[in-house]
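The values are calculated or read from the model by the stated rules, or taken from the named source; none is laboratory data. Values in this document were obtained by computation on a predicted structure and should not be read as measured data. Here the Cβ positions follow ideal geometry from the backbone for every residue, glycine too, while neighbour counts run over all protein chains shown.
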Amino acid sequence: MNEAMGTKEMKVKEEISNLYKIWAQGGTGLIITGNVMVDENYWAEPGNIVFNENINKEVLRS
């Protein structure tokens with residue numbers, strides 16, 4: 001999946017956490033996140049999220 005719901009700065013937004021909550025509540029057996037980058041220099045498309053030392057992990061924990 002590629003939800004492309006990050007900010008222009010490749011940061012996580014509350015909306016992506018809400019999306020995965022909805023999918024999980026629907027009875028999904030396995031959810032694989034889409035295109036989460038580990039280096040802001042190498043991203044696939046606008047809206048991707050970079051998971052590095054600057055990410056807001058609190059949004060993802062909810």
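Listing for the model above:
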{"item": "Test for LYS11: is it modelled with pLDDT of 85 or more, at negative phi, among the basic types (Lys, Arg) and surrounded by 12 or more Cβ atoms within 10 Å (Cβ to Cβ)", "result": "yes"}
{"item": "Total residues in region 24-35, condition of a type in the set (S, T, N, Q), part of a loop (DSSP other than H, G, I, E, B) and more than 14 Å from the chain's Cα centre (by Cα)", "result": "1"}
{"item": "Subset of region 36-62 [within 15 Å of SER17 (Cα to Cα) and assigned to a loop (DSSP other than H, G, I, E, B)]", "result": "GLY47, ASN48, PHE51, ILE55, ASN56, SER62"}
{"item": "Single unsatisfied condition, ASN41 versus (1) surrounded by 10 or more Cβ atoms within 10 Å (Cβ to Cβ); (2) more than 16 Å from LYS57 (Cα to Cα); (3) not small (Gly, Ala, Ser)", "result": "(1)"}
{"item": "Subset of region 1-20 that is assigned to a helix (DSSP H, G or I) and polar (S, T, N, Q) - its residue that is nearest to MET37 (Cα to Cα)", "result": "SER17"}
